[in-house]
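Heads up, the thing below is written out as structure tokens.
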């Protein structure tokens, strides 16, 4: 079998492509990791807009627990949704894993717009979780606002009827 001959120009082109393609692949893969974002999902549905048209619970029985998760890579977002609560308080629990500069804030308003909960977890400080019972409010359709700021990490929270 006769060996193939390459010109110096062909060898240089092959070497350049052999180096250029892996460098482009690594650059493109890393650039996605560095994009800033913040996402919030409630009961498995990612909330895209705020206020959201997403309502937790069936209005006929006013029953529905909220399970949410959030994640971010330096992003900031605010998401609002409605929640049906036929009682006057709610049990809440939130836990985060994030870097020092990020924060998570949860604001809950009763059916008349009165704030019954306004709690924040700052990154890099303790506690990195909160739980308890909201202040008493009016039953009906409550509004929940979630704010994640400069958020690098992840977390979750739950909300259920109190009393």
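Coordinate-derived values only; no laboratory data. Note that this is a predicted model, so its numbers are computed, not measured. Backbone-built Cβ (ideal geometry, glycine too); neighbour counts: all protein chains shown.
Overview of results
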| quantity | calculated |
| --- | --- |
| Label-reachable residues, segment 93-108, where backbone N falls under 15 Å from a point 7 Å from residue 133's Cα toward its Cβ | 93 |
| Residue exposure sequence - 66, 148 - by fewest surrounding Cβ within 10 Å | 66, 148 |
| Label point distance in nm, residue 112-residue 93, each placed 7 Å from Cα along Cα→Cβ | 3.1 |
